[in-house]
Amino acid sequence: MKFDLNKVKRKSLDGIKPYSTARDEFKGDASVFLDANENPFNTEYNRYPDPSQEKLKATIAELNQVEPNQIILGNGSDEIIDLLFRAFCEPGVSNVIIPQPTYGMYSVSAAVNNIEVKQPSLDQNFQLDVAAVFKSIDPNTKLIFLCSPNNPSGNLLQEENVIQLLGSFNGIIVVDEAYIDFASSDGFLPSLSECPNLVVMQTFSKAWGLAGLRLGVGFASKEIVQLLNTIKPPYNINSVTQNIALATIQNEAQKIEQVSSIIIERELMSKKLSQFSFVRKIYPSDANFLLVKVINAQSCYDYLLSKGIIVRNRSSVIHCENCLRITIGTEKENEILIEMLKAYEESIIY
Ligand SMILES: *Cc1c(COP(=O)(O)O)cnc(C)c1O
């Protein structure tokens, strides 16, 4: 394989210059800021945020043993997904491969950007069918989206399959690791330096507990990161998000503790759920949710809803007929769910 970023990136980005912010044009120390038309009266937030997010990137880099220039931050992973489409795909010409079933946002972003989606199926165990993916690749294929652990199935993708694709595809492979903290794997960050066509996405929305702040992280070569930086909105990560994310990372111990308790609860819930007569199968999970196949997903969903408990019905998705996706909650919430399912079991007439 010969990966050439210049051949993969969108033509209109040749020679493009990023918006230069007032603060970009000045380096050094100053005490009087009359360059950005801000309101001078000091509230905590009268100044624009750091457009290059230097402190936060340095901290995330250290945490993940990468260089700060290998990091792009987004207003949620959603923004990074959209940046990838805009950096690499020509509307109406390029296509992307999204093995199904998986996270719906990749396809939405493809549609918004007028990009064709090829959708080979994952196999019955939600693993990559490498041959089917290879068959989908054509000269206009720019991106392949892989999600590991996968949403909604919860499993890690087999590493050798991903490595095989990385080594033979001339476009970009995106590995979405939103749930990697809950997994028994280090994921693909350790491969970053050897793989010029790899983008790893992580997020502060799941294990870090900051879904409301909107902070997604992309890891890639410094060349890819530079390209994405060129097209991102300059102030895409606001000051509150940058500050709270920094403070939260300082308290990593709390995250680690919460993740281990969620994993313990996940295993406990898997056992308890498997004992219900209406449960057909619990899929193995490396994430903070369980995919559960039941006899009648709609009736189970409706029953829970009537009791004020919301789960996700994934029945309409390939390989997920009569499957509910259940997030692992607190011990208390999980107990309530089990109690309600006991009542549901008693109410079913076969
Ligand atoms: C939840 C989730 C995300 C997180 O998206 P954010 O925009 O960062 O909140 C990303 N990918 C997958 C597969 C998810 O399930």
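Set side by side, the residues Lys135, Lys57, Lys142 differ, and just one is of a type outside the set (A, V, I, L, M) and under 30 Å from Lys293 (Cβ atoms), which is Lys135. Can you find a residue that is without any contact (Cβ under 8 Å) to a residue 12 or more places away in the chain and either in a loop (DSSP other than H, G, I, E, B) or surrounded by 16 or more Cβ atoms within 10 Å (Cβ to Cβ) (or both) anywhere in the range 66-89? Within the range 66-89, not a single residue is without any contact (Cβ under 8 Å) to a residue 12 or more places away in the chain and either in a loop (DSSP other than H, G, I, E, B) or surrounded by 16 or more Cβ atoms within 10 Å (Cβ to Cβ) (or both). Residue pairs whose Cβ atoms lie under 6 Å apart, sitting 6 or more positions apart in sequence or on different chains, and linking a residue in the range 186-213 that is farther than 23 Å from Phe289 by Cα to a partner that is within 13 Å of the ligand (Cβ to nearest atom) and open to solvent by 20 Å² or more (accessible area, probe 1.4 Å), do not occur here. Picking from residues in the range 90-111 that are surrounded by fewer than 17 Cβ atoms within 10 Å (Cβ to Cβ) and away from the ligand (no atom under 15 Å from the Cβ), the one that is nearest to Ser239 (Cα to Cα) is Ala111.
A count restricted to the range 1-22 and to residues that are in a loop (DSSP other than H, G, I, E, B), at pLDDT 90 or above and open to solvent by 70 Å² or more (accessible area, probe 1.4 Å) stands at 1.
Kindly indicate whether Val279 is in contact with a helix residue (DSSP H, G or I) (Cβ under 8 Å, 6 or more places away or on another chain), touching a residue at least 12 places away in the same chain (Cβ under 8 Å) and more than 23 Å from Leu157 (Cα to Cα). Here the answer is yes, as Val279 does meet what is asked.
Would you say Gln158 is in contact with a helix residue (DSSP H, G or I) (Cβ under 8 Å, 6 or more places away or on another chain) and either of a type outside the set (Ser, Thr, Tyr) or more than 15 Å from the ligand (Cβ to nearest atom) (or both)? When the stated conditions are applied, Gln158 does not pass them.
The residue pairs whose first member lies in the range 142-156 and is within 16 Å of Thr327 (Cβ to Cβ), whose second member is of a type in the set (Val, Ile, Thr) and assigned to a loop (DSSP other than H, G, I, E, B), and whose beta carbons are closer than 7 Å, counting only pairs six or more residues apart or on different chains, are Asn150/Thr102; Asn151/Thr102; Pro152/Val317. Within the range 183-196, is even one residue over 21 Å from Val66 (Cβ atoms), open to solvent by less than 20 Å² (accessible area, probe 1.4 Å) and either more than 16 Å from the ligand (Cβ to nearest atom) or not aliphatic (A, V, I, L, M) (or both)? No, every residue in the range 183-196 fails to be over 21 Å from Val66 (Cβ atoms), open to solvent by less than 20 Å² (accessible area, probe 1.4 Å) and either more than 16 Å from the ligand (Cβ to nearest atom) or not aliphatic (A, V, I, L, M) (or both).
With the condition kept exactly as written, say whether any residue in the range 115-128 is within 13 Å of the ligand (Cβ to nearest atom), closer than 26 Å to Ala207 by Cα, surrounded by fewer than 18 Cβ atoms within 10 Å (Cβ to Cβ) and of a type outside the set (Ser, Thr, Tyr). There is no residue in the range 115-128 that is within 13 Å of the ligand (Cβ to nearest atom), closer than 26 Å to Ala207 by Cα, surrounded by fewer than 18 Cβ atoms within 10 Å (Cβ to Cβ) and of a type outside the set (Ser, Thr, Tyr). Would you check if Lys232 is within 16 Å of the ligand (Cβ to nearest atom) and at pLDDT 95 or above? Judged against the criteria, Lys232 is a match.
Answer with yes or no whether Asn140 is at positive phi and either open to solvent by less than 20 Å² (accessible area, probe 1.4 Å) or away from the ligand (no atom under 15 Å from the Cβ) (or both). Against the criterion (at positive phi and either open to solvent by less than 20 Å² (accessible area, probe 1.4 Å) or away from the ligand (no atom under 15 Å from the Cβ) (or both)), Asn140 does not qualify.
Being closer than 20 Å to His319 by Cα and of a type in the set (A, V, I, L, M) holds for only one residue in Val174, Val162, Val112, Val117, and it is Val117. Among what's in the range 197-207 and is open to solvent by 20 Å² or more (accessible area, probe 1.4 Å) and assigned to a loop (DSSP other than H, G, I, E, B), pick the residue that is farthest from Pro149 (Cα to Cα). If we take residues in the range 197-207 being open to solvent by 20 Å² or more (accessible area, probe 1.4 Å) and assigned to a loop (DSSP other than H, G, I, E, B), then Ser205 is farthest from Pro149 (Cα to Cα). A residue that is exposed (fewer than 15 other Cβ atoms within 10 Å of the Cβ) and among the acidic types (Asp, Glu) occurs somewhere in the range 209-224.
The values are calculated or read from the model by the stated rules, or taken from the named source; none is laboratory data. Treat the numbers as computed from the prediction; the structure is a model and nothing was measured. Neighbour counts run over all protein chains shown; Cβ positions are idealised from the backbone, glycine included. Just so you know, the surface numbers come from the protein's heavy atoms only, side chains and all, with ligands and any DNA or RNA stripped out. Shrake-Rupley method; radii C 1.70, N 1.55, O 1.52, S 1.80 Å.
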